[in-house]
1. Normalising by the residue count of segment 1-108, find the relative contact order in percent from Cα pairs under 8 Å and 6+ residues apart.
2. Say R0 is 25 Å: what FRET efficiency, to the nearest 0.05, do LEU120 and THR219 get from their beta-carbon distance?
3. Assigning unit charges at the beta carbon (Lys, Arg +1; Asp, Glu -1) and nothing else, what dipole magnitude in debye, to the nearest 20, does the chain show about its Cα centre?
4. Highest mean first, what order results for 222-230, 58-66 on Cβ atoms within 10 Å?
5. Considering only the other residues whose Cβ falls under 14 Å of the Cβ of PRO27, what net charge follows from Lys and Arg at +1 and Asp and Glu at -1?
6. Can you compute 3J(HN,Hα) from phi for each residue in segment 225-237, using the Karplus curve 6.51 cos²θ - 1.76 cosθ + 1.60 with θ = phi - 60°, rounded to whole Hz and x for Gly and Pro?
7. When only C-alpha pairs under 8 Å and at least 6 residues apart count, what is the relative contact order of the chain, in percent?
8. What area, in nm² and to one decimal, does the C-alpha convex hull of segment 1-87 cast on average over all directions?
Amino acid sequence: MIGEKLIRVPIIGSTNDFLKENWKLFPHGTVIVADVQTTGRGRFNRAWYSPEGGLWFSVLFKPRKNMRPNFYTKLSAVSIVRSLRPLKVEAKLKWPNDVYVDGKKLAGILTETIFEEDRLGAIIVGIGMNVNNEIPKELEKKATSLKLLVGEELERLSVLSMILREMNRALRVYSRKPEALTRVWKNMLIQKEGQLICVNVGGETLKGEIVQIDDESITLRIQDKTMRLSSLEIVDC
Ligand code: BTN
């Protein structure tokens, strides 16, 4: 069960780093949650500001079967969206797995893998969600928090337990049919096939029509060329 072992710490560098360094000591499903992270990390090696009031946690997966790491990222994203519904917060996913509400980012996911002797040892899924923490002025147009959306402070650990409950439920349902998870995930995406989007690929901005969306790549039609792109970030046009 995810969360059966739960470690709570007031302050840490990064919950992902903690599990990366100590994964062998803990069982599958271990969760570590911190009040504050001093060196929180986001995707593309960006710093992730993690002050008091936010929900910063990581989950350790030690898959028996050869499940792709991406399965766990999608599972987490879908579970976050579902866990917010009872709060009447309708979230969507910005490809690949950012959680957005009304055009503003509420949560992000950083998945990291550990290989040992060429074999997948563990998958660590780190989740950062703005719950009661203040959104810095310069980010007000781009980011939001649950407190802003719901109109009152929420108990962070109750939010965590709602997410973990959905993750456990989703694991039971989708472990045997990962393609069903992909369908659910795709339905939650803001981006749809046929849409015009702008992407940043290695510092270059490209604009094109989405031909196909996969979990690790997006195929764009740019003028009369079709390009399959991975490691990209969707940006405002
Ligand atoms: C992103 O959107 O770039 C992903 C952000 C992931 C942040 C979380 S907070 C808990 C865990 N520990 C980290 O250092 N990062 C993740």
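1. Once normalised by length, the contact order is 20 percent.
2. So, using R0 = 25 Å, E works out to roughly 0.40.
3. 780 debye
4. 58-66, 222-230
5. +3
6. Coupling constants for segment 225-237: 9, 10, 10, 9, 10, 10, 6, 10, 10, 7, 10, 5, 7 Hz.
7. Relative contact order comes out at 16 percent.
8. For segment 1-87, the mean projected area of the Cα convex hull comes to 6.6 nm².
Only the coordinates and a few stated rules stand behind these numbers; no lab work does. Everything numeric in this text was worked out from a predicted model, so none of it was measured. We place every Cβ from the backbone using ideal geometry, glycine too, and count neighbours over all the protein chains shown.
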